Each structure stands twice: as structure tokens, then as C-alpha cells.
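Step one of this worksheet: look at the structure below.
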Amino acid sequence: MAGPSNAKGSTYIQVDVHYDGMFSPIPHLIYYLNQKTSITDVDFGGLNFKEFIHVLEDVTKGKCPVVYYCLGHKSMRDGLTPLKNDDDYRRFLDVAHGNEGKINVYIDHYNDSVLDWIEEEKEEKNVDSESSDEDKDSVMSDALSVDHEPDEEVIPLTKSDDPFLNYISVVPRDEFVDEDDDSDNGTKEAPIYPYHDSTQKWDTMQPILGMRFCNPQELKQLVSNYAVANGFNLWYEKNDKTRLLVRCCKTSEGKAACPFRLWATWMSSEKSFQIKSLRNEHNCARTFKFGSVVTYSWIGKHFVNDILENPKLSCREMRDKVGEIFNVKVSVGQCRNAKKFALNEIEGSLNTHYEKLWSYGAEILRANPGSTVKIGTDTMPDSTIYFSRMYVCIKGVKDGWIEGCRRVIGVDGCFLKGICRGELLSAVGRDANNHIYPIAWAVVAVENKETWKWFLNLLLKDINMGNGAGLTLLSDQHKGLIEAVKERVPDAEHRQCARHVYANFKKKFKGAAYRKLFWRAAKATTVQRFEGLMKEIRAIDVQAYDHLMERDPKSWSRAFFVLDRSCDAIENGICESFNAAIVHARKKPIITMLEEIRRFVMDRMYCKRLKGQKWNLAICPSIRKKIVDKRKHLRYWYVIPSGVQQFEVRSVHEVYAVYLNQRTCACRGWQLSGIPCIHAMAAISYLNENVEDYVATWFTTEMFGNCYKYTINPLNGSEMWPSWEGQPMLPPKRKRLPGRPKVNRKKAASEKEGRHTISKKGAITKCSICREPGHNKITCPLSKEGPSTKAKKKKGKHVPDVEDESEFEIEEMDEVENEYESESESEIEELAEDGDEPDQGQVDEQVEPAVEAVEAVEAVVEPDEQVEAVVEPDQEQVHEPDQDQVHGPVVEEPAAQPVVEVEQRAQPLKRKRKYSERITKVALSRVVNTKDGCGLSVNKPVTLE
């Protein structure tokens with residue numbers, strides 16, 4: 001149906017969409033191997049060209065790069081018209097209304113030269129219509145005047161009777177073929193088959209007869225996409241470098257249960273892998289497991305972009321995503337391999353990275369002349385070269401530090417967390433805004449004295465600091481680094497991170513009192529204040545005092561720091577900040593990691609330069625914020641002038657002398673930090689002057705601009721790096737340590753764990769019974785119950801708890817007694833046949849040991865383990881026999897010996913042992929009920945082994 005009306009003004013038309021096919025000019029222009037659908041419920045008159053294309057893409061579930069339309073009664077040569085813009089779309093609607101509201105639309109997925117084929121076909125038609133029947137002689141008559149006989153006067157040739165002449169005069173059969181017929185002389189054009197478009201949407205890919213591929217892998221990728229999109233259980237019957245045979249639905253006998261068949265081999269005339277035969281028919285049901293067709297590489301190729309956006313995508317999340325997007329069931333192992341494949345596609349193989357390190361270093365030196373790149377290798381006896389270490393310091397970075405940064409550098413090492421093992425050494429400075437300024441970085445196999453000495457030697461040469469005179473280094477307490485600084489940088493001030501010092505101190509001396517006093521001593525700016533705090537620590541514990549004094553307070557307390565460095569930092573936080581900024585890069589291969597670090601520094605320098613140009617300030621914002629925070633405490637200090645720019649600043653118990661002309665304060669805080677302390681600010685405010693005028697020049701916006709006025713020049717892509725002709729370098733040999741590799745940093749006990757209760761990690765357990773450390777009351781040797789040897793529970797089998805132990809024992813004894821109930825009755829009958837009345841005294845002598853035997857039962861569970869338990873007699877099991885059951889004297893049987901003092905067992909019996917096996921090892925005293933002559937009930941013990 002065309003719509004509600006066929007009038008020209010109607011906007012409802014019937015559009016027959018032909019898609020997923022291809023055009024072919026042989027023998028004439030056709031569109032084949034296509035699917036067809038009709039659109040009748042869309043108001044096309046209210047759409048423009050782009051909206052019309054969106055409608056087609058929604059219907060065909062794919063892209064529509066080129067669209068044509070044609071009337072049904074016309075051939076494609078005469079009526080096929082392209083749709084490219086809104087004008088073409090309006091003409092399309094007019095043509096459809098003129099054809100009773102019906103029109104055909106064709107989608108060209110391969111962007112073939114359809115219009116050129118139409119022109120060629122029209123030209124061939126014109127040539128054929130203008131051609132004449134002239135032969136060679138008639139053509140020659142245009143130039144020569146030759147008379148011809150009339151056709152009726154031409155004498156026909158007669159065949160000779162000579163066999164020899166006839167034999168050599170036989171005209172070959174092929175020569176009787178018309179000259180215009182090119183079918184057998186090799187001049188006819190071969191069919192044009194399409195090339196595979198790898199950029200096509202995966203769920204629209206379909207195999208087409210004659211389709212050409214670059215290699216078999218491309219065809220396999222198409223087969224996988226085709227199988228997953230349609231749910232076909234395809235499998236490879238033949239699969240090698242030269243041929244590929246694909247079938248559907250493999251049976252248990254190894255045969256195909258579906259008529260689908262695809263055969264592809266290499267073409268002889270060109271270097272293309274082509275589908276030679278195809279039977280695209282299916283009679284099978286949809287499947288969700290595809291076996292070898294859906295490989296980890298297929299999954300990895302589809303998840304490259306997802307892993308780029310989210311490198312932390314877990315394997316289980318990937319498995320769920322595969323099931324959601326592709327409706328396929330895959331395993332976690334496949335997803336794990338797929339993630340490795342995707343990362344390898346992104347970052348390249350490990351050996352390739354190390355082979356290109358020489359080229360990468362050469363590219364840095366080419367783009368940034370004056371930079372320093374040093375690569376160290378280890379040569380084996382067989383001349384094999386292994387990577388050892390690499391140092392990078394770029395020209396623009398070190399020039400910015402020399403001109404705009406304070407002479408304070410933090411050095412630290414951090415572990416690499418990816419497939420590349422080793423450590424990353426870094427040197428980080430502080431800019432004028434007191435933020436990080438990376439200077440140099442290096443990759444080494446291990447952090448020790450040798451590598452640190454090598455790193456410091458290259459760093460000092462780049463920043464022109466010689467032996468470190470006027471330089472301050474901040475680091476942790478790594479022994480190799482401390483020794484390397486002493487040897488290579490003897491003139492530099494070496495500060496150790498106070499946080500690391502306290503972390504080691506806390507392992508032996510814990511408590512809030514120690515913590516408070518230590519940090520006060522570390523932040524004390526005068527020697528007198530430091531000594532007073534250390535005396536308080538010594539008053540608490542002399543060993544704690546000795547421990548801190550052995551750590552050289554000159555390296556972690558401000559009281560002993562060198563003045564005029566404009567840095568009072570006691571922690572190496574700048575290096576920790578840099579390590580946190582590149583934490584994701586540290587999981588990458590070596591070149592990828594170094595490139596991410598370089599791009600991070602390059603982008604940071606550019607952004608900081610733009611940010612600094614917008615500041616209309618004298619000093620940097622973070623320094624102004626510190627001054628504003630200090631102003632809040634000015635009201636606690638009052639100033640007494642004593643001379644020209646000389647003041648005495650007092651509080652309740654503190655008095656300090658301030659000299660503004662010398663920019664000093666007796667507290668030494670101003671000289672250490674370069675920022676006026678609270679006492680200096682009080683004196684400056686007394687004179688109504690601006691505090692910012694007394695800040696050190698290191699914190700001005702001018703110095704900030706000097707830091708970032710240099711740039712890091714960009715690098716070219718890896719394919720344009722300088723080539724290296726030497727022997728390739730291999731990755732360093734990995735030493736596999738025992739246990740699972742650790743990824744997360746080991747946190748100290750003082751760090752928060754995000755718990756809602758305090759952590760008992762590292763606490764010493766103390767027993768509540770004996771008050772001795774190292775165990776609890778359950779494992780205490782003084783406990784009556786002793787250490788618990790309770791067996792582990794197994795799934796599907798109920799093991800009673802200790803609370804249910806007594807109930808379990810009673811049930812067990814009931815089962816044993818019921819099992820031997822028949823034996824008890826038979827024994828009673830045998831005793832009754834004797835006919836003698838029992839003597840009362842004899843009965844009493846037998847009753848007393850019987851009662852004691854009932855109260856104690858010895859149960860031997862294992863040959864080497866005895867479990868003893870007390871079992872209360874079940875009163876319901878005691879029945880008085882009838883009087884006629886007792887006929888004679890009871891035969892005296894040996895009474896069961898009473899069990900020695902029994903303790904209640906802590907371990908329940910194991911139900912997994914069969915009752916028959918357990919009973920054979922149990923000495924059970926059972927009581928047989930009888931009556932005396934007076935009708936009183938007595939208990940008669942019977943022993944069963």
C-alpha cells in the first residue's frame with residue numbers, strides 16, 4: 001500500500017528498500033544478494049534528506065553511505081538516480097508521487113562507481129546502434145576504387161576430392177567463430193567482485209560470493225562477526241594458510257547438519273584471498289556458544305576502545321559486557337586473554353618496546369637538543385644485550401628549574417607495577433607556587449647505592465650543581481640513597497622525610513604522647529625548643545629518646561635546617577604527589593610509560609604557563625593563602641617597637657625579636673620558609689605595610705613565569721623515529737619471587753583502612769585466663785577444655801556445634817540401643833528359661849555396679865585417640881518386664897567395670913564415620929531390666945564388645 005492517498009500532495013509513499021547487497025555491471029547493471037523491506041508508515045514529506053537517511057539506517061540496522069532510487073518499471077541504466085542533498089530528496093518525492101506513490105531505494109555499502117558503469121553501458125549501446133555490417137573489403141573501398149561482382153554472380157567454391165588437399169586445407173573450428181564474439185579469445189571482461197570493507201559495522205558483515213580479502217585472518221574475522229550477529233554455530237572443517245572451509249552445526253560424527261558451506265582460497269591472478277563458493281542457507285537454531293569461532297583475539301579487538309577508556313576493566317565485567325552486547329557466553333579465562341591481547345594491540349609487545357628504546361632516545365635528542373638521555377645495558381658472555389637502566393632529562397625542564405625554582409629537590413623511587421619490572425627514580429623540584437616540578441626520571445632494575453649514585457651524578461651535571469653546594473635534598477630513609485648522597489653530594493644538605501622517621505619510630509614506641517611530642521620536635525624551629533621537647537620524651541622512655549637521637553635530628557628537625565633555602569618542608573610530599581600522578585603509567589610497558597610521563601610534564605608546563613599569565617598578582621596564590629591563614633592569629637600577639645624596623649613581639653609566655661630590615665625573626669621561621677612568620681606579620685601590620693612585600697622573591701609570579709617559559713618540543717610517531725642499526729636490546733631478566741605479585745602499596749599501621757571499628761592488625765593477643773601474651777583463652781594450656789580440635793565443616797553434611805554436643809550424644813546412644821534391642825530381648829528370654837528365682841542380696845550386689853556402669857560409658861573413636869563422655873540414662877528406655885518373664889535365678893554375668901573419671905569432651909563425634917565401624921570399637925554397658933520377687937525393678941548390666 002502506498003498510503004492513505006495517491007495524490008501528489010500525499011506525504012505517505014511506499015519505499016522499497018534494498019540493502020546488504022552489491023551492484024554489478026556484468027552483464028548489465030544489477031543489484032544482487034540483497035535484502036528487501038518496505039516502509040509505508042512514515043510521513044516522508046515532513047523529513048529532510050538527513051532525517052530520511054536516519055530512517056533508512058534504523059530500518060537496515062547499518063550505515064547508508066550512498067543511496068540511489070529508481071522506478072520499478074525502469075531499468076537501472078535508465079532510471080537509477082543518486083540521493084545526495086535536499087534538492088535530490090524533493091525530486092525523489094515528486095518522482096514517487098508520479099509513480100502512484102511507489103519507488104525503489106538501493107543502498108550502496110561499498111561505494112562502487114555505479115554512475116561510471118551506467119555511462120559505460122550507455123556508450124556501448126550507442127556504439128552498437130551505430131555500427132554497420134561492413135567487412136574489411138568495404139572498409140578498404142573508402143580508399144580504393146574496386147569493383148565487386150554482384151552477389152548472384154559469385155561462383156561458390158567447391159570442395160576438392162584430393163584427400164591430401166582436403167587434409168591440409170581443413171579450417172579449424174575456432175576460426176568460424178564470429179570476430180565480434182570475444183567469449184573464447186580471452187578478451188571478455190572478468191566479473192568485478194567486491195573487496196572486504198573492514199570498517200563496516202560488525203553486525204552487518206555478511207559473506208558474499210567472490211568477495212576478496214587481504215588474508216585469511218580478515219575472512220575469519222568476518223565469519224566470526226557473521227556467526228555472532230546471527231547466532232550460527234559455524235566451525236572450520238579446513239583451516240590453514242591456503243584454504244578455508246566453513247560449515248555450520250557440527251554433529252557428533254564430525255559432519256555438518258546445516259546446508260551452509262563456505263569455501264575460500266588464494267586467487268591465482270592476484271594476491272587476494274577469495275570466497276570461491278558459498279551456499280548461504282541455514283536450517284539451524286540460534287546458539288550462544290560458538291567454540292573456536294569466537295576466540296580471545298576476536299573479543300580483544302572489539303574491546304580495544306573500552307580498555308583504552310577504562311584500563312581497570314575487570315575480566316568479570318568484560319564477560320558480562322560480552323554477554324550483554326554480543327549475546328555470547330564466554331569464560332573469564334577468555335576475557336583475561338582478550339584483555340592481554342587488547343593491551344598488546346595498544347602498547348605493542350615487550351621485546352618491541354626494548355628494541356625501540358635506542359630510537360626513542362634518539363628522537364628525544366632530535367626534537368629537544370641539549371637534553372640528556374642515557375641508556376645502560378648488560379652484555380652477557382654470549383653477546384646478548386639486556387636492558388639495565390635509562391635516564392631522561394629534557395632541556396626545557398632543566399632550564400626552567402635553573403631559572404625559576406628554589407634549590408630544593410626531592411628524590412624518591414617507586415616500583416613499576418606492569419609487565420616491566422624495576423623501579424622508577426625521580427627528582428622533583430618546587431615551583432614558585434609551591435607545586436611539583438618534575439626535573440628528571442630514570443628506570444632502573446633495582447634501587448641500591450650504585451643506581452642512586454649513577455642517577456645523582458647525571459642529575460647534578462644537568463642542573464650545574466657540582467658537589468651540591470647550596471643544594472638541599474629531601475628523601476626517605478633508604479640506606480643506599482643515604483650512602484650515595486654522602487659520597488656524591490657531600491656539600492648538600494640532606495633532609496630525611498619525618499613521616500618515614502616516625503613510621504619506624506612508631507613500630508617500637510606507640511602512643512598519642514609519643515606522636516604529639518615527636519611532631520612538635522620535628523616542627524620546632526629553634527634548638528632550645530627542640531631540646532625541651534626531647535627532654536619530655538626522655539622523661540617518658542629513655543630508649544625512645546636514644547632511638548630518635550641515633551637518627552640524626554639534623555636531618556628531620558627544622559631546628560637544624562640550613563637557612564635561606566625558602567623551604568621548611570620536613571616531608572617529601574612532592575615526590576609522593578608525582579608518584580601518585582603517574583601511577584597508571586607505571587603499569588605500562590617502558591616506552592609507553594616514559595611517553596606518558598613526558599606528555600604529562602609537557603602538558604603541565606604549557607597549562608601552568610597559561611595559568612600564570614592570567615595572574616595579576618605580585619606573589620603566587622598558594623603563598624597568599626598561607627598569609628591569609630596566618631592573619632587569623634595576629635590578635636594573640638602585640639608589638640613593642642625598639643628601633644628602626646626593630647620590634648619585640650610578645651604573647652603570653654613567648655617573646656621574639658623581629659628585624660624587618662634584615663628580614664629575620666628569632667623564631668627562625670621567616671628565614672627557613674621565606675614567608676614572614678606570625679611575629680614578623682605582626683610587626684609589619686604595626687607599620688601598616690603590605691606583608692607580600694616581605695615575601696622572598698622565589699614566590700613571585702615573575703619567578704613562576706621563569707619556571708614555565710620553556711617548552712618541551714613534541715615528538716613524531718614511532719614509525720618516524722630514527723632507525724637503530726645496532727644489536728637489539730632485550731628486556732631485563734625477571735626474577736620471580738615466591739607468592740602472588742603485589743600490586744597495591746603496603747600501607748603502614750597508622751594509615752586509615754576505611755573501617756567503622758578500630759583495627760586489631762599488629763596487636764599482640766593476651767590470654768584472659770593466664771594473662772600471658774601470644775595466645776587466647778581457647779588455646780590456653782590452663783584451660784579445662786584445652787585447645788579446640790574441632791573438625792572443619794563440609795558442605796552438605798551437618799556437623800553439630802558444641803552447644804548441640806550433648807543432644808547429639810544422647811541421639812547416638814539411642815540409635816545404638818535400638819540397634820541391639822533384639823539382642824537384649826533374646827538374652828532376657830534365655831535367662832528366664834533357667835527358672836530359678838534370684839536372691840535379693842545377689843541382685844543388690846549386681847545392681848550397684850550396674851548403675852555406675854550406666855552413668856559412665858567409654859567410647860573409643862580412634863585407636864590413638866580416646867573420647868570419653870558421660871551419658872545420662874534415658875528413663876523412657878527402662879521398662880518393667882512382666883512377672884512371668886522372670887522364672888528362675890538370674891545367671892550372674894560379669895558386670896562392666898566402671899569407667900575411670902570421665903571428662904566431658906570438647907570435640908563432637910564425627911558423623912561421617914559409619915555407625916557399624918564405631919560400634920565395633922565401643923565398650924558399651926547396657927542395662928537389662930528385671931524384677932525381683934517383690935516386684936521391684938532392678939538393672940542387670942550386660943557387656944557387649
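Does L456 satisfy the condition of being farther than 30 Å from I591 by Cα and free of Cβ contacts under 8 Å to residues at least 60 places away in the same chain? No, not satisfied.
Can you name every residue in the range 763-791 that is among the polar types (S, T, N, Q) and either open to solvent by less than 80 Å² (accessible area, probe 1.4 Å) or modelled with pLDDT of 85 or more (or both)?
Filtering the range 763-791 for residues among the polar types (S, T, N, Q) gives 765, 768, 776, 779, 783, 788-789.
If the condition is that a residue be among the polar types (S, T, N, Q) and either open to solvent by less than 80 Å² (accessible area, probe 1.4 Å) or modelled with pLDDT of 85 or more (or both), then T765, S768, N776, T779, S783, S788 are the ones that fit.
Check the range 358-367 and report whether any residue there is open to solvent by 20 Å² or more (accessible area, probe 1.4 Å) and without any contact (Cβ under 8 Å) to a residue 24 or more places away in the chain. For the range 358-367, residues open to solvent by 20 Å² or more (accessible area, probe 1.4 Å) and without any contact (Cβ under 8 Å) to a residue 24 or more places away in the chain: present. In the condition set (1) open to solvent by 10 Å² or more (accessible area, probe 1.4 Å); (2) under 19 Å from G291 (Cα atoms), T242 is compliant with all but (2). Annotation note: Cβ proximity below 6 Å between a residue of the range 90-102 that is open to solvent by 30 Å² or more (accessible area, probe 1.4 Å) and a residue that is among the polar types (S, T, N, Q) (sequence gap 6+ or interchain) occurs for E100/N6; K102/Q14. Among residues that are open to solvent by 50 Å² or more (accessible area, probe 1.4 Å) and among the charged types (D, E, K, R), K626 is included. The number of residues in the range 269-297 that are touching a strand residue (DSSP E or B) at 6+ places or on another chain (Cβ under 6 Å), open to solvent by 50 Å² or more (accessible area, probe 1.4 Å) and either of a type in the set (S, T, N, Q) or on the phi > 0 side of the Ramachandran plot (or both) comes to 0. Scanning the range 261-271 for residues that are within 23 Å of A227 (Cα to Cα) and in contact (Cβ under 8 Å) with a residue 40 or more places away in the chain turns up L262, A264. Consider L144 carefully, then state whether it is under 51 Å from the mean Cα position of the chain (by Cα) and either open to solvent by 80 Å² or more (accessible area, probe 1.4 Å) or at pLDDT 75 or above (or both). Answer is no for this residue.
Just for the range 305-333: of the residues that are of a type in the set (A, V, I, L, M) and not in a helix (DSSP H, G or I), which one is nearest to the chain's Cα centre (by Cα)?
L313
Can you say whether E281 is more than 30 Å from L209 (Cα to Cα) and out of contact with any helix residue (DSSP H, G or I) (no Cβ under 6 Å at 6 or more places or on another chain), as far as the supplied structure shows? Considered against the rule, which asks whether it is more than 30 Å from L209 (Cα to Cα) and out of contact with any helix residue (DSSP H, G or I) (no Cβ under 6 Å at 6 or more places or on another chain), E281 comes out as no.
A quick yes/no check of all residues on (1) crowded, with 16+ Cβ neighbours inside 10 Å; (2) touching a residue at least 60 places away in the same chain (Cβ under 8 Å); (3) touching a Phe, Trp or Tyr at 6+ places or on another chain (Cβ under 6 Å); (4) aromatic (F, W, Y):
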position: D20; (1), (2), (3), (4): yes, yes, no, no
position: H28; (1), (2), (3), (4): no, yes, no, no
position: S38; (1), (2), (3), (4): no, no, no, no
position: L47; (1), (2), (3), (4): yes, no, no, no
position: I53; (1), (2), (3), (4): yes, no, no, no
position: E57; (1), (2), (3), (4): no, no, no, no
position: V66; (1), (2), (3), (4): yes, no, no, no
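In the set I394, I419, only one residue is surrounded by fewer than 22 Cβ atoms within 10 Å (Cβ to Cβ), among the β-branched types (V, I, T) and under 19 Å from T592 (Cα atoms); that residue is I419. Once the range 208-226 is narrowed to residues that are within 15 Å of S272 (Cα to Cα) and either acidic (D, E) or touching a Leu at 6+ places or on another chain (Cβ under 7 Å) (or both), the residue that is most open to solvent (accessible area, probe 1.4 Å) is L209.
The set of residues from the range 539-554 being farther than 25 Å from L672 by Cα, surrounded by 13 or more Cβ atoms within 10 Å (Cβ to Cβ) and among the aliphatic types (A, V, I, L, M) comprises I540, A544.
So, of the residues in the range 504-515 that are at negative phi and among the small types (G, A, S), which turns out to be least open to solvent (accessible area, probe 1.4 Å)? Only one residue tops the list, namely A513. Would the range 341-357 turn up any residue that is farther than 30 Å from A696 by Cα, assigned to a strand (DSSP E or B) and not β-branched (V, I, T)? So far as the range 341-357 goes, no, none of its residues is farther than 30 Å from A696 by Cα, assigned to a strand (DSSP E or B) and not β-branched (V, I, T). Looking at the structure I just gave you, is V55 of a type outside the set (F, W, Y), in contact with an Asp or Glu (Cβ under 8 Å, 6 or more places away or on another chain) and at pLDDT 85 or above? The answer is no for V55.
Residue-wise test of (1) open to solvent by 80 Å² or more (accessible area, probe 1.4 Å); (2) of a type in the set (F, W, Y); (3) not in a helix (DSSP H, G or I).
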site	(1), (2), (3)
M465	no, no, yes
G470	no, no, yes
L481	no, no, no
D491	yes, no, yes
R495	no, no, yes
H500	no, no, no
L517	no, no, no
I537	no, no, no
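When the range 693-735 is filtered for residues that are part of a helix (DSSP H, G or I) and open to solvent by less than 50 Å² (accessible area, probe 1.4 Å), the ones remaining, listed by number, are Y694, F699, T701, M703, F704, G705, N706, C707. Residues in the range 290-304 that are modelled with pLDDT of 80 or more and of a type outside the set (A, V, I, L, M, F, W, C): T295, Y296, S297, G300, K301, H302. Of all the criteria given as (1) within 37 Å of the chain's Cα centre (by Cα); (2) part of a helix (DSSP H, G or I); (3) touching a residue at least 24 places away in the same chain (Cβ under 8 Å), the one not satisfied by A559 is (1).
Does R336 satisfy the condition of being among the charged types (D, E, K, R) and over 30 Å from E571 (Cβ atoms)?
Taking the combined requirement at face value, the residue satisfies it.
The values are calculated or read from the model by the stated rules, or taken from the named source; none is laboratory data. Keep in mind it's a predicted model, so treat the numbers as computed, not measured. Don't worry about glycine lacking a Cβ; one is built from the backbone with ideal geometry, like all the others, and counts go over all protein chains shown. When the accessible area is computed, the model is the full protein with side chains, heavy atoms only, and any ligands, DNA or RNA have been set aside. Shrake-Rupley method; radii C 1.70, N 1.55, O 1.52, S 1.80 Å.
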